[in-house]
Structure formats: structure tokens, C-alpha cells
Amino acid sequence: MPLPTPFYSRMAPLCQSYDWRNWAGYLSVSVYEMSHEREYYAIRNAVALIDVTPLFKYEISGPDAVRLVDRIITRDAKKCAVGQVMYTPWCDEHGKMIDDGTVARLSENHFRLTSADPNLRWFQDCGFGMNVDVVDVSSELAALSVQGPKSRELLQQAVTGADIAGLKFFRLAHGKIGEFPVTITRTGYTGDLGYELWVNPQHAEKLWDVLMEKGKGCGALPVGMVAMDIARVEAALLLGDVDYVSSHKAITEARKSSPLEAGLEWTVKFDKGDFVGRKALLAEKQRGPKWKFVGLEVNWDELEALYAAADLPPQVAGRASRLAVPVFKNGKQIGQATSSTFSPILKKFIAIGTVESQYAALGTKVEMEITVEFARHHAPAKIVKTPFFDPARKKA
């Protein structure tokens, strides 16, 4: 049975839909109201409070902390300054992705990593023989994501002892809310201006109360996974078990993905020295990856015509789909769209997925499978640049 997070006592009375899901063993709200629309627009127009406590969290500390983190991740941990956060995948020895997450450097020899899946054993194995401590602190930290264009305004009212206005993208700061300490990272999973707050679980309820009270003037709303899922597709952010399968879970070799195939080549720093998977990734880079990550935009007029033929309006608005569907070129399957959604802010039907590398060039015309009234059709689409939605405020 899923466990309540430290925010449960505040979320439960607000969850009018009773629509909960199991996220890593914790109860997580899918949608608070009967529709996700107000929650989605809170992310894009105001402030969204999203409980992200179920993320796994690990701390690596000790004299060999930098050496271990550098062995695990594909980014260069040596270049991660104290107070900086990096997004990164990590791989097995064959260069296939195990997981992805953030790495925050809390002090010279102290890092905190977040992940979607349990990774303690892998991190400890990678650190065998090193002078380092690897600790699972997942239950010792509650995490609240504060996302949206007014998130900075809200935190400036709530946080003391930290320069919120001066906190740069993917940096962290320590401050206080009331009398309790809080760590603020300028990170998130929505592709918008946003922050994530990390506190001792005993302060979670107070944190929620303060932000909800001070957020009234900013349009703050509690937001569930449904709205965040739409936002993360607009931002073209990967979701484990959906857009790629961990090499520790894949039951066939074909299901595994490398960072080069998943659109994360920019995170692989071959010149930093050795790391787990480097040799295999270097060989893959030299021969060229078989697959490439792409964004897809379905031709709306053609999509509308498919539904009109069945005497229906387009039935694509609503929750994002995590169901993979084939992508074709001239009738031949060349890949799959793994996440798709109607973007409320862009008014487009978009998807992310992987296709064979020779078809991944921007502007390439393809077809994406669409089911209308139980019949499968090929809707014209094209490969487009990602992220689909990338406001300047995200990094400003």
C-alpha cells in the first residue's frame, strides 16, 4: 500500500477528484480537481505547488566523493561548482542508461543525487574501495516543486536569508522559511521558471501552509501529476519507463537506450576521463547511434480530417499519453512516439520519441499512428526542434 508523503495532510482535503496514483511507493495526486486545466495553467501563468517527495535522494560524501560521482555520471563532476546543480544520466558498462536525475554539489566533498528509481546498490558498487559514504536520504527530505512565472515572486515573499532574485538557473541556495531551514534549487520538471524546495519532513506542513497563504496573490494552486506530465512533454523532458527503459529493467537488449540515442549527447563528456560506459559510448559515437530522440508535430488539418471522416471533432485534448505508437516513413515503421499530448498553450498535437537516425533531421516528413473510432490511421507529422515550449523566463 502506498505511503502518505509529509504533505499528505494538506493535499488530501484539497484532492476533490480522489484521483491518486502510486509514485515510487508514495501516494501522489494525479489531479486535484475534476479537470486538470486550472492546474496546467497555474504552471504556465501563475504558481504551481507540486509534491515531488517520492524522488529517490542519495548523498555521497567523503574524500573520494568527486571521484565516485565522476565515475557514475556522464557529466564532468569536477566542473560542478559548490552550489551548482547538474542534470545527468548514468549508464551501465555497455553505455546504456540506468537512470537520470540531478546532482547538486552541497560542499567540496558532498553531493546530493536525485533519481526516479532506487540506485543505492549501484552507487555503492561503483564506489567499492573508495573512501566515501553513500547514504539513502530519501525519507529524510520532503520536496516541493514551486513552478511557474510567479514562482520567484512567491519565494521572495516566503524565504529569508537567500537571494532568490539572484539565484541562477541550476544553482542552489540555503535559506529559511519562518524558523526552519530550506534548500532551494532552481530546477524543475515543467520547462518553466521554477524552483524545488528541500526540507526536513517535520517542516513539510508548515512549508505548504506558508506558500499557500503567501501564494494567494500569485494565483498559487496545488498541482498534480497530470498537469505536470503535459508540461514536461512540452518541455521535451524524458520520463523513465516511458521514453526510455532502464538497462536494469529492460528484458531485451533492444529496449535499452544510450544517452546518444535519447537526445542527451550534450551530457556525455568524453574528455573528462574514464566513467562507467565511456568505452561503449565512444564506440557508439564513432559509428553513429542507431536511434535518435526527436520531437514530432502532427499536422492539425490532416488530424482534424481523420476525425471528421468519423463525424467527430479531434479527440486529442486531455491527459498526455504515455502509450508508445509507431512512427512511419513511406509506410515503413522507423520508430515510435513514446509520449504525446495536445499542448494547451501551443494549440498543437505534439510528441517525443525516437526514430532511426537517418530520419531524424529537422523538417523530415513522417506519419504517426492515430486511432480514431477503433481504426488505426497514419497522420502526417514532421520532425521539429525541441523543446516545444521554451520561455525565456525559464533561465532569466
Kirkwood-based shape ratio for segment 259-396, expressed as Rg/Rh from alpha carbons: 1.05
I need the peptides 140-151, 30-41 ranked by packing, meaning the mean over residues of other C-beta atoms within 10 angstrom, with the highest value on top. 140-151, 30-41
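How much area per residue is accessible in segment 239-396 when the probe is 1.4 Å and only protein heavy atoms are counted (Å²)?
Working: 8340 Å² over 158 residues.
I get 53 Å² per residue for this part.
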Cα-only Debye scattering, segment 68-152: base-10 log of I(q)/I(0) at q = 0.12, 0.19, 0.20 Å⁻¹: -0.39, -0.94, -1.03
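Can you give the relative contact order of segment 338-396 as a percent, counting alpha carbon pairs under 8 Å and 6+ residues apart?
23
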When we measure straight from the Cα of Lys269, which aspartates and glutamates land under 19 angstrom away, once same-chain ones fewer than 8 places off are left out? Asp70, Asp76, Asp92, Glu93, Asp99, Asp100, Glu261, Glu284
Carbon + sulfur, % of accessible area of the chain - ligands and nucleic acids excluded, 1.4 Å: 51
Shape parameters for the chain, alpha-carbon atoms, Rg then Dmax in Å: 21.3, 67
Nitroxide proxy distance, nm - points 7 Å out along Cα→Cβ at Glu205 and Ala305: 6.0
Which log10 I(q)/I(0) values, to two decimals, does segment 209-297 give at q = 0.12, 0.20, 0.23 Å⁻¹ under the Debye formula with one point per Cα? -0.57, -1.03, -1.24
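The values are calculated or read from the model by the stated rules, or taken from the named source; none is laboratory data. All values derive from a computational prediction rather than experimental measurement. Here Cβ is always computed from backbone atoms with ideal geometry, including for glycine, and neighbour counts include all displayed protein chains. SASA here: full protein model, heavy atoms, side chains in, ligands and nucleic acids out. Shrake-Rupley method; radii C 1.70, N 1.55, O 1.52, S 1.80 Å.
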